[in-house]
Each structure stands twice: as structure tokens, then as C-alpha cells.
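Notes follow the structure.
Computed from the coordinates by the stated procedures, all read-outs in this text should not be read as laboratory data. A quick note: this is a predicted structure, and the numbers were derived from the prediction, not measured. Methodologically, a virtual Cβ is constructed for each residue, glycine included, from the backbone with ideal geometry; neighbour enumeration extends over all protein chains shown.
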Amino acid sequence: EPEVTQTPSHQVTQMGQEVILRCVPISNHLYFYWYRQILGQKVEFLVSFYNNEISEKSEIFDDQFSVERPDGSNFTLKIRSTKLEDSAMYFCASSEGPSYNEQFFGPGTRLTVL
Amino acid sequence: KQEVTQIPAALSVPEGENLVLNCSFTDSAIYNLQWFRQDPGKGLTSLLLIQSSQREQTSGRLNASLDKSSGRSTLYIAASQPGDSATYLCAANYRGNNRLAFGKGNQVVVIP
């Protein structure tokens, strides 16, 4: 069964460093998303992406964050200068279409900022 | 504000008992509601998706109902097993945007 994959599973970085989190969405899906979950808190929406551009972003997704689909399969989230409060589990998701379509989530990348 | 609430935060049930998990959402203008399972430190596994036009969805021992007028969804798990121990999240997809708004989850322990 097709699934969303994410690498790495765990990333440890120093404050101020740049990190890139990678995702491979399900191959026939057109909409891509990033969410994050800080330990003990709700899963929060960061950004949605369609047709090579951001379709929606939350207030969390500031200038430190960017997303890219560098080729036909990968979808990346870059954090330019990490802060301690960026430590969280980051989930990538994809769906065939917008809104009323089911979103399928990857296993997540645990980011630890020291 | 478009919020999703799940109460109780945690519950324990003896094996074999039916589980009833509740989810409330503040705005009835939703496209759909999705239930997920999350094991500790793991990703989100989609269990059921209910479109706004549907009243319920079933998959095996799982049944989810949706009452838009009252802003509630309920996930029923029949004849619970220890392997059902996990956190169950509900997420609403509100009209006007393309994001899921999550509840904090119901952490379930099924006691053998």
C-alpha cells in the first residue's frame, strides 16, 4: 500500500543551524502539507502546497521556514536558523485533492534543537 | 475560532469493553472529520474519514458518527483489545481553508 515516507527519523541540531526535513508523498497525490507536534501538545498545521506554490500557511510558518518540491518526488521543509522552540515532531502529509480529501501522514521526523 | 476538543484526555478500560471516544468541534461548516491513531513517538495512522454529508463510517470494529448540528463526532471501538491502546486524535477540515485542526487526543489504555 502506498505510503508517505520521511527522512531522517530523528535529527539533532544546534541552535542557529539550518535543517532540511525530507518527505516523499504518495506518488499520485497533488497536495502536500507539513504539520508539527510539540511534545504534549496538539498537532499544528504549518503549510499546504499545491502546484509548486504555497496555498495556505499558518502564523507559525514565518520567514524562518520554507518549503520546496525540488523534483517530482521529494517535498522538503527548511528551517533556516533553528530555535530551541522548534524542537518537535514534524509530520508530512499528502492528499489526492484539496479540502474534502483524506490526508495521509508520514511517520514523522523528530527534531531536537540543542 | 475553529477548535477541536477531545474529552477525556485519558481513559482506561478492561479488555472486551466497548470504547466510546468523543470529539467536539466549534463550527459546523466542515468538509469532513478524520480520526487518527497515534502510538507513542510514532506517526498518525488514518482510521476513518467522515464527509460532512455522512452520518457515520465503519471499518471493522471501528465506527465513527458525525452530528454536525451539535458539533460532535464519536468513535466507537467494539470489543477492545490491548492492541487498541494508543492515542486517538480527531481532526476537522473546516470550510474556507485546507488544513486539519486537531484535538489533543484521547489516550486509551486497554487493560488485559
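Summing Cβ point charges (Lys, Arg +1; Asp, Glu -1) relative to the Cα centre of chain A gives a dipole of roughly 320 debye.
Along region B:17-34 the Karplus relation, 6.51 cos²θ - 1.76 cosθ + 1.60 evaluated at θ = phi - 60°, assigns HN-Hα couplings of 6, 7, 9, 10, 10, 10, 9, 10, 10, 7, 10, 6, 7, 10, 7, 6, 9, 10 Hz to successive residues, with x for each Gly and Pro.
Relative contact order of region A:15-75, please, whole-number percent, based on alpha carbon pairs below 8 angstrom and at least 6 residues apart.
Details: 67 pairs, mean separation 18.6, N = 61.
Relative contact order of region A:15-75: 30 percent.
The calculated FRET efficiency for the pair A:Ser99 and B:Asp27, based on their C-beta separation and a Förster distance of 22 Å, comes to about 0.90.
Rounded to the nearest 20 debye, what is the charge dipole size of the protein assembly as shown about its Cα centre when +1 sits on each Lys and Arg Cβ and -1 on each Asp and Glu Cβ?
Numbers: 19 positive and 23 negative charges, 44 e Å.
Here the protein assembly as shown has a charge dipole of around 220 debye.
Pairwise Cα distances in region A:29-91 exceed 14 Å in 56 percent of cases.
Shown here for region A:4-89: trypsin sites (Lys or Arg not before Pro) in loop regions (DSSP other than H, G, I, E, B) with at most 11 other Cβ atoms within 10 Å, namely A:Lys83.
For region B:56-69, backbone phi angles converted through the Karplus equation (6.51, -1.76, 1.60; θ = phi - 60°) give residue-by-residue couplings of 7, 9, 10, 8, x, 7, 9, 9, 10, 10, 9, 10, 5, 5 Hz, Gly and Pro being listed as x. Couplings 3J(HN,Hα) of region B:72-82, computed from phi: 9, 10, 10, 9, 9, 10, 7, 6, 4, 10, x Hz, in residue order, whole Hz [Karplus 6.51 cos²θ - 1.76 cosθ + 1.60, θ = phi - 60°; x for Gly and Pro]. For B:Glu3, the residues 5 or more places off, or on other chains, whose built amide H falls under 5 Å of its own are B:Thr26, B:Asp27. Placing a label point 7 Å from the Cα of B:Thr45 along the Cα-to-Cβ line, the residues of region B:83-106 whose backbone N sits under 13 Å from it are B:83-89. The relative contact order of chain A comes to 38 percent, based on Cα pairs under 8 Å that sit 6 or more residues apart.
Would you work out the relative contact order for chain B, in percent, from Cα pairs under 8 angstrom that are 6 or more residues apart?
Numbers: 289 pairs, mean separation 41.9, N = 112.
Here the relative contact order equals 37 percent.
Counting GluC sites (Glu not before Pro) as exposed when in a DSSP loop with at most 16 other beta carbons within 10 Å, what is the longest stretch of chain A free of them? In chain A, the maximal stretch lacking such sites is A:19-58.
Using 0.36 nm per residue, how much length does the chain from B:Arg95 to B:Glu3 gain when fully extended, once their Cα-Cα distance is taken away? Intermediate results must be reported in sequence, preceding the final value.
Details: separation 92, 0.36 × 92 = 33.12 nm, distance 1.30 nm.
In short, 31.8 nm is gained.
Could you work out the mean count of beta carbons from other protein chains within 10 Å of each residue's beta carbon in A:93-99? Show your work: numbers first, answer last.
Details: counts 4, 0, 2, 0, 1, 4, 10.
Counting other chains' Cβ atoms within 10 Å and averaging over A:93-99 gives 3.
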